[in-house]
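Contents: one structure, followed by commentary.
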Amino acid sequence: MPPEQDPTPIEEPTPPSPGAPGAGDPPADLPPKGEDPTPPISDAPVRPDDLPDAFWNDTEGVLLPDLLSQFNTLTASQAERDVAAQGVPEAPDGYELPDNEALELPADSDFKFDDSNPLVPLAREFAHANGMTQEAFAGMAKLYVKGQKQELDAMQEASGVELAKLGDNSKGRVDAVVTALTSRIGSEKTAVLQGMMFTAAQVEAFESLVRGTRAPGHNAKSDAPGKGVENWAGMTTDEKLWTAHQNARKKQGQAA
């Protein structure tokens with residue numbers, strides 16, 4: 001048997017009659033007839049994101065010459081840093097101490113940097129932490145030596161002024177003390193004490209020691225190390241030595 005057909009007929013949409021509402025109207029998404037569908041283009045410049053104020057002008061837009069100038073400056077600076085970084089040792093111990101020729105010291109100078117000096121590793125660590133080149137490190141070492149030499153020259157000048165107080169034969173008096181001490185305690189120990197003969201008063205004190213006599217006006221009782229010191233008897237030997245040393249320095253300052 002043939003299949004049964006649906007008795008309900010399918011109705012076709014009836015097109016609007018001419019003149020009826022909706023007949024001939026353009027689609028809703030199209031602009032009215034006679035208008036340009038393209039939106040107007042603004043002549044105002046568009047500022048790029050994250051552009052600094054220094055390179056933007058609301059009228060001119062991006063200030064390209066200024067931007068390029070800054071870019072070239074930064075590029076050149078980076079290139080200089082890259083070149084300088086090539087002279088930085090990989091580790092602090094890579095810095096080398098300059099020799100006397102580089103330090104511009106006299107050829108007969110016996111000066112020499114001592115690697116065991118605690119200042120040397122500190123200087124190397126400082127130089128490496130601050131990205132100093134070997135050349136800059138050598139320059140810093142040169143300044144250090146120059147400062148030390150100036151300090152030594154100043155001390156020698158001051159010592160010359162002091163020893164002049166001993167009279168015209170100041171050098172002979174110092175030499176006599178050195179000779180006497182050498183005969184008694186040897187040259188090595190004498191060299192240690194000789195560095196203490198800086199002032200006229202110190203030389204006179206050594207003269208008294210080698211003669212075995214007291215200095216003029218000396219009163220052993222009044223100059224006793226513990227005189228006027230509270231709890232002297234209860235001090236240790238080291239404390240007594242330190243206190244006596246401090247008292248001697250005070251008296252020397254008062255005499256000066």
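The values are calculated or read from the model by the stated rules, or taken from the named source; none is laboratory data. Here the structure is a predicted model, which is why all the values come from computation and not from measurement. With ideal geometry, Cβ positions are generated from the backbone for all residues, glycine too; neighbour counts draw on all protein chains shown.
If the Cβ limit is 6 Å and pairs must be 6+ apart or interchain, which residue in segment 143-169 that is assigned by TED's automatic domain parsing to the domain that holds VAL203 and more than 20 Å from ALA200 (Cα to Cα) pairs with which residue that is hydrophobic (A, V, I, L, M, F, W, C) and outside any helix (DSSP H, G or I)?
Short answer, once both residue conditions are applied: none.
Would a scan of segment 105-125 turn up a residue that is of a type outside the set (A, V, I, L, M, F, W, C), in contact with a Gly (Cβ under 6 Å, 6 or more places away or on another chain), farther than 30 Å from LEU209 by Cα and surrounded by 15 or more Cβ atoms within 10 Å (Cβ to Cβ)? Give the derivation first.
Initial filter on segment 105-125 (of a type outside the set (A, V, I, L, M, F, W, C)): 106, 108-110, 112, 114-118, 121, 124-125.
After this cut, where a residue has to be in contact with a Gly (Cβ under 6 Å, 6 or more places away or on another chain) as well, the list is none.
No.
In segment 46-68, is there at least one residue being part of a helix (DSSP H, G or I), surrounded by 10 or more Cβ atoms within 10 Å (Cβ to Cβ), of a type in the set (Asp, Glu) and modelled with pLDDT of 75 or more?
Looking for residues that are part of a helix (DSSP H, G or I), surrounded by 10 or more Cβ atoms within 10 Å (Cβ to Cβ), of a type in the set (Asp, Glu) and modelled with pLDDT of 75 or more, one finds at least one in segment 46-68, hence yes.
Collect the residues in segment 195-205 that are more than 38 Å from the chain's Cα centre (by Cα) and not hydrophobic (A, V, I, L, M, F, W, C), keeping them in residue-number order.
Our first condition is that a residue be more than 38 Å from the chain's Cα centre (by Cα); within segment 195-205, this holds for 200-205.
Scanning segment 195-205 gives GLN202, GLU204.
Please tell me if ALA154 is among the aliphatic types (A, V, I, L, M), in contact with a helix residue (DSSP H, G or I) (Cβ under 9 Å, 6 or more places away or on another chain) and either modelled with pLDDT under 85 or at negative phi (or both). Before the answer, list the steps.
Working: among the aliphatic types (A, V, I, L, M): yes; in contact with a helix residue (DSSP H, G or I) (Cβ under 9 Å, 6 or more places away or on another chain): no; either modelled with pLDDT under 85 or at negative phi (or both): yes.
Criteria not met by ALA154.
Taking the criterion of being among the small types (Gly, Ala, Ser) and surrounded by 11 or more Cβ atoms within 10 Å (Cβ to Cβ), would at least one residue in segment 142-151 satisfy it? Spell out how you get there, then give the answer.
Taking segment 142-151 and keeping what is among the small types (Gly, Ala, Ser), we get 147.
Okay, now just the ones that are also surrounded by 11 or more Cβ atoms within 10 Å (Cβ to Cβ), so none.
No; the residues of segment 142-151 include none that is among the small types (Gly, Ala, Ser) and surrounded by 11 or more Cβ atoms within 10 Å (Cβ to Cβ).
Just one of (1) modelled with pLDDT under 85; (2) among the aliphatic types (A, V, I, L, M); (3) in the same structural domain as ALA200 (by TED's automatic domain parsing) trips up ALA176, so point out which.
It fails just one condition, (1).
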